[in-house]
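Step one of this worksheet: look at the structure below.
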Amino acid sequence: MVIKQIDIVETAKRITDRIREKDISYREIALLLDISQQSVYKWEYCGRMERGIKSIPSIQNMVKLSSILGCTVDDLIVTYDVEIEDKNARY
C-alpha cells in the first residue's frame, strides 16, 4: 500500500518562497495568523536545513495562509509516496 507523506523541508521552502513572491513581511504573516514572528522564521529555517528544526504551519494556519497567499493548500504542501506493509493483507 502506498500512502502520502508530507515533505516538511520542501513544504517549508515552498511556503517561504510564496511569502517572498507576494512580498509580505514575516511580521505581517505572524499578525494575520495570530502567531509569533519566530514561528514564521522557523519555517524559513526548516526550509534551509536538512536536519534540525522541522516546522510547518498547523493545518488551520495552512488554510489561512493559503488564503493570504492566494493559492490552495495543495499548492503549499509537498508530498512523496511511502510504501507501507498492509497488515491486513492475506498471503
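Only the coordinates and a few stated rules stand behind these numbers; no lab work does. It should be emphasised that the depicted structure is a prediction, and the values quoted were computed from it without experimental measurement. In this analysis, Cβ positions are derived from the backbone assuming ideal geometry, glycine residues included, and neighbour counts consider all displayed protein chains.
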Check your understanding: Using alpha carbons only, how many degrees (0 to 90, rounded to 10) separate the axis of helix 8-21 from the longest principal axis of the chain?
Key -> 30
Revision key, fill the gap. Quick calc: nm separation of the 7 Å Cα→Cβ label points for L31 and Q60 -> 2.1
Check your understanding: Binned at 10 Å from 0, what are the whole-percent values of the Cα-Cα distance distribution for segment 2-83, short to long?
Key -> 19, 55, 22, 4
Check your understanding: List the lysines whose alpha-carbon lies under 17 Å from that of K13, not counting same-chain residues fewer than 8 positions away?
Key -> K22, K42, K54
